[in-house]
Amino acid sequence: MTLKEIAADMNVSRTTVHRALHGKEGISEELRQAVLARADALGYTTNYIASSLKRKTKRLAVVLPQKEGNGQYYHKYFWDAVDTYQTEASSLNVQIEYFPFEEDKNHQIQILDTLFNNGNTEYDGLLTMPIHNDEDLRQAVERFSYKNVPVVLIDSDLKDSGRLCCIAPHDQLTGRLGAEILTSITHKPGKILIASGSAAHAAHMHNLRGFAEYIEESAGDFELLVMQNYGNYQKCYEESMALLQTNPDIVAFYSVTARDTVPLTQAVIDCGLAGKLRGVGSDLFPQNAVYLQQGILQALIYKNAYDKGHLGFEALFSYVIKNIPPENDKMTVPISVIMKNNLHFFKEFI
């Protein structure tokens, strides 16, 4: 079934059919829907490869936290997911351009400013993860939207930014799940030591809030001992050591973030408390897998960074290249609980 045959069947021009199928202006919504319905009934599918040969190269910008250093624990998997689209993108005359940034709001805004103001290169879509949920970043993203450049956000939404959609996290639910697991496997009351991430990250604070709410509602025998040294391995390790040594009534530990799981757990080991305290970490990477196998951590809450990256880029790619809008403006991926006996199901992500 071709575009020409649809036009003949409906007694309209090929231009009309093209506009209807590709979301172009110049026809009424009633006619657009009639053409779409008829095309579907006739079994029409777009030949994306043929279409790509007729148009200019599409450019998609990916602006995400770098995967090196602390990024190896979580953000790396966003990049891995985007990489899987390279072959298909090349076949459809699509260029994916990578712009990693240090985990710093000013660096992210600097990159977004450069992309927006580069008159020599027009981008057809943007995938990014707001490092903070604040007005400066909202405005930086909003400019692309006003320029009719679709933007997909991962992990943190920016209200009223005009973004196409957001791959939203389950932060509060994740915190509640962490509390439910820990209190289910900890059989005596006491303190729970928490590496809570950064107060500047809304996602971290929602996670902590969910944990605290569950404890208040369902497990009143536990007291929370909260520390904030996000991203600084040495400070997180030293504070963990100090609190573990001066609070003999600590019975469990929990990390909101992937990167703080390692120094917190190492402090537990170095204090001679491995296997004596119950622990729940965040996400999956080689060191966490070892802690789980050794019984130092009893569970990991896997927030599925790979699938978030995949779903986010798929939404952008489908919209820009195939004119397929996302199912919703907020989409989520499942979170999983990984324990020693189901770790082998996730080994491809280690």
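Enter the accessible area per residue of segment 155-197 (Å², integer; probe 1.4 Å; all protein chains in place).
Spelled out: the 1.4 Å probe surface of segment 155-197, per residue, equals 37 Å².
Quick check for you: with a 1.4 Å probe and neighbouring chains kept, what is the accessible area per residue of segment 222-302, in Å²?
On a per-residue basis, 36 Å².
Just how much of His107 is accessible, in Å², when a 1.4 Å probe is used and the result is rounded to the nearest 10?
Its accessible surface works out to 50 Å², give or take rounding.
Carbon and sulfur: what percent of segment 51-132's accessible surface (1.4 Å probe)?
Of all accessible area on segment 51-132, carbon and sulfur atoms account for 44 percent.
Restricting the count to DSSP beta bridges whose residues both fall in the chain, what percent are antiparallel, rounded to a multiple of 5?
If we restrict to bridges inside the chain, about 10 percent are antiparallel.
Quick check: at a probe of 1.4 Å, how many percent of the accessible area of segment 198-350 sits on carbon and sulfur atoms?
Of all accessible area on segment 198-350, carbon and sulfur atoms account for 49 percent.
Sort Arg14, Arg259, Arg143 by accessible area with a 1.4 Å probe, largest first.
The residues order as Arg14, Arg143, Arg259, largest area first.
Within segment 280-322, find all residues whose amide N lies under 14 Å from a label point positioned 7 Å from the Cα of Asn341 along Cα-to-beta-carbon.
299
For segment 1-41, list residues with backbone N below 19 Å from a point placed 7 Å from the Cα of Asn148 toward its Cβ?
Within reach of a label on Asn148, which here means backbone N under 19 Å from a point 7 Å along Cα→Cβ, segment 1-41 contributes 15-29, 32.
Rounded to the nearest 0.05, what FRET efficiency is calculated for His187 and Val226 with R0 set to 25 Å and r the Cβ-Cβ distance?
The formula returns an efficiency of 0.65 here.
Sequence gap at least 6, Cα distance under 8 Å: using those rules, report the relative contact order of segment 262-350 to the nearest whole percent.
31 percent
Separation between the Glu97 and Thr246 pseudo-spin-labels, each 7 Å from Cα along Cα→Cβ, expressed in nm?
Roughly 5.2 nm, to one decimal.
How big is the chain by Rg and Dmax over its Cα atoms, in Å?
Cα-based Rg and Dmax for the chain come out at 24.1, 83 Å.
Can you pick out the pairs among Lys76/Lys347; Lys4/Lys322; Lys235/Lys340; Lys105/Lys347; Lys67/Lys347; Lys56/Lys308 whose Cα atoms lie more than 24 Å from each other?
Lys235/Lys340; Lys105/Lys347; Lys56/Lys308
The values are calculated or read from the model by the stated rules, or taken from the named source; none is laboratory data. For clarity, every value in this text was computed on a predicted model and none was experimentally measured. As a convention, Cβ positions derive from the backbone with ideal geometry for all residues, glycine included, and neighbour counts pool all protein chains shown. Accessible surface is based on the protein model in full, side chains and every heavy atom, while ligands, DNA and RNA are left aside. Shrake-Rupley method; radii C 1.70, N 1.55, O 1.52, S 1.80 Å.
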